Amino acid sequence: MTLSDLPALNVAELQVLLRRREVSPREVLEALQKRIEEIDPQIGAYLSIDFEDAFRQAETADVNLPLGGVPIAIKDMISVAGQPCTCGSKILRNYRALYDATVVRKLRAAGAIPFGKTNMDEFAMGSSTENSNVRPARNPWDVTRVPGGSSGGSAAALAAGEAFAALGTDTGGSIRQPAALSGVVGLKPSYGRVSRFGVVAFASSLDQAGPLTKTVRDAALLLNAMAGHDPRDSTCLNESVPDYTRRLGRDLKGVRLGLPREYLVDGIDRQVRAAIDAAAAYFQSLGAEVVDVSLPHTDYAVAAYYMIASGEASANLARFDGVRYGHRAEKAQNLFEHYGRTREEGFGPEVKRRIILGTYVLSSGYYEAYYDRAQKVRELIRRDFAQAFEKVDALISPTSPEPAFPVGERSADPLRMYLADVFTIAANLAGICGISVPCGFAQMEGGTRLPIGMQLLGKALDEESILRIAHAYEQSTTWHKERPPLAENAHASAAAAASAARRPIQL
């Protein structure tokens, strides 16, 4: 293999080369930089990249650390000291973070190199990365389609070979849904398992940072570095953190998996349904038992989520007023006009929509009818999961009801866009963990193949179990090895160009 082949590797494979000193951290970054320059103009996965700083970090990288010398892409709402943190919004267009988020600090301690900020829906409000104030991200499997959202830039970068691993955030599915649509792995940790300090808040009782990776093992490696108590985040749990790789490779004999009947309803794309049915049958061949379960309050999850998330967003985004940082309206006549114009100019349509909705449900006379009632529904949903987990070890479902949809198809239909997260939202309401792994492809008209994702949901703080189950499925199938034509073509052209250099790397 040559240097041009490096971006196709996953984290575990890259670590082998780095620790054998067959490639240096600087050479890894050079190969990645070249790939991004070749492909990203078509994808739009990144909002900013600082290779100059990354090369400085590479000079002193300790490859013997758990993630030593591995470049990591970071969603642009997670603070990296000295780098932009725009949240995909005009209101923070010129803002640079003053400190590292806890997850970034922990990744640095593990030897990782943060190097670029990935594209996203503005303030994580969206399911397609079309709400980015800069440009929409594109799906590497078909650039006329979305990569999912709101962590679409992170997912697209991985699928296109522009990253080895990335961080995202998940408030209602924003890690898992783009992972499914882009054909990669996305892990949402349990609420409180990973610190939110330094992650710009959308909905504080729902937000959680997590990894997007090419394999389940890579997700476990990143979670090992990220998880754990942080006194700077009062919601971060002071619980012991296991080695999430230790149970990978175990068989599934005795494992009971639940198939929620409410998640397999009319309206799901027929190819998605077929892929999930096939995956359930395959789990049985691996020794697991698959049984039907019920989550009776599922129908209320989307409505409850948008009451709670919008209410919390309305409160959190009140801090963006143009006084201390961010966009500032010019020549305002008074403070009231300053606030109004700053927010009118700085926020995009979807963010304004949710602020208005959230302000309404929190207002006097409506709080009890909407926000308070939604919290009661949330508790019922949490109990549904608790009862289901008394019978099974994990739940199987589609991650998304359909494959990636065309860019612009839902821009004027917010309700239809919201339903893209119908299978992921409930996990955030309940605070449990979830992972999406590739489980097949949908064949579209014209011959395009689009990835299908399977979601595994587990009990709160039981990431170890869903990682074990997901890994067993992944390693006995080949879906995760498929690469989009765009990445394959770039890989082939880069390999041909590099062949003249005749610089082999032994793997």
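Values in this text are rule-based calculations from the coordinates and carry no lab data. Here the structure is a predicted model, which means the values were calculated and not measured. Here Cβ is always computed from backbone atoms with ideal geometry, including for glycine, and neighbour counts include all displayed protein chains.
Structure data summary
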{"read-out": "Subset of segment 405-457 that is charged (D, E, K, R) and out of contact with any Lys or Arg (no Cβ under 8 Å at 6 or more places or on another chain) - its residue that is surrounded by the fewest Cβ atoms within 10 Å (Cβ to Cβ)", "value": "E445"}
{"read-out": "Residue under evaluation L248, criteria (1) buried (at least 16 other Cβ atoms within 10 Å of the Cβ); (2) closer than 30 Å to L221 by Cβ; (3) in contact with a strand residue (DSSP E or B) (Cβ under 9 Å, 6 or more places away or on another chain); (4) aliphatic (A, V, I, L, M), criterion not met", "value": "(3)"}
{"read-out": "Unmet criterion (only one of (1) surrounded by 15 or more Cβ atoms within 10 Å (Cβ to Cβ); (2) over 18 Å from G172 (Cβ atoms); (3) in contact (Cβ under 8 Å) with a residue 12 or more places away in the chain) for K391", "value": "(1)"}
{"read-out": "In segment 36-62, residue farthest from the chain's Cα centre (by Cα) [restricted to those that are part of a helix (DSSP H, G or I) and surrounded by fewer than 16 Cβ atoms within 10 Å (Cβ to Cβ)]", "value": "E59"}
{"read-out": "Test: residue in segment 123-144 that is assigned to a helix (DSSP H, G or I) and over 30 Å from E445 (Cβ atoms)", "value": "yes"}
{"read-out": "Unmet requirement for R93, which otherwise passes all of (1) touching a helix residue (DSSP H, G or I) at 6+ places or on another chain (Cβ under 7 Å); (2) surrounded by fewer than 19 Cβ atoms within 10 Å (Cβ to Cβ); (3) basic (K, R)", "value": "(1)"}
{"read-out": "Residue tally, condition closer than 11 Å to A45 by Cβ and over 10 Å from the mean Cα position of the chain (by Cα), over segment 137-178", "value": "13"}
{"read-out": "Neighbours by Cβ (under 7 Å, 6+ apart or cross-chain): first from segment 417-441, more than 20 Å from G126 (Cα to Cα); second assigned to a strand (DSSP E or B) and among the β-branched types (V, I, T)", "value": "V437/V185; C439/I452; G440/I452; F441/I452"}
{"read-out": "Residue in segment 296-319 that is more than 20 Å from R382 (Cα to Cα) and not in a helix (DSSP H, G or I) present", "value": "no"}
{"read-out": "Tabulated pairs, segment 312-327, first in contact (Cβ under 8 Å) with a residue 12 or more places away in the chain and farther than 23 Å from L206 by Cβ, second assigned to a loop (DSSP other than H, G, I, E, B) and of a type in the set (A, V, I, L, M), C-beta under 7 angstrom, 6+ apart or interchain", "value": "G322/A329"}
{"read-out": "Test for L380: is it surrounded by fewer than 20 Cβ atoms within 10 Å (Cβ to Cβ), touching a residue at least 12 places away in the same chain (Cβ under 8 Å) and touching a His at 6+ places or on another chain (Cβ under 6 Å)", "value": "yes"}
{"read-out": "Residue within segment 348-360 that is surrounded by fewer than 20 Cβ atoms within 10 Å (Cβ to Cβ), among the aliphatic types (A, V, I, L, M), within 23 Å of S204 (Cα to Cα) and out of contact with any strand residue (DSSP E or B) (no Cβ under 6 Å at 6 or more places or on another chain) present", "value": "yes"}
{"read-out": "Candidate set from segment 208-267 (those that are part of a loop (DSSP other than H, G, I, E, B) and of a type in the set (A, V, I, L, M, F, W, C)); member that is farthest from L6 (Cα to Cα)", "value": "V265"}
{"read-out": "Filter result (hydrophobic (A, V, I, L, M, F, W, C) and farther than 15 Å from A163 by Cα) within segment 17-74", "value": "L17, L18, V23, F55, A58, A61, V63, L65"}
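Table: residues versus (1) in contact with a Pro (Cβ under 8 Å, 6 or more places away or on another chain); (2) over 23 Å from A124 (Cα atoms).
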| site | (1), (2) |
| --- | --- |
| P66 | no, yes |
| C85 | no, no |
| R96 | yes, no |
| V103 | no, no |
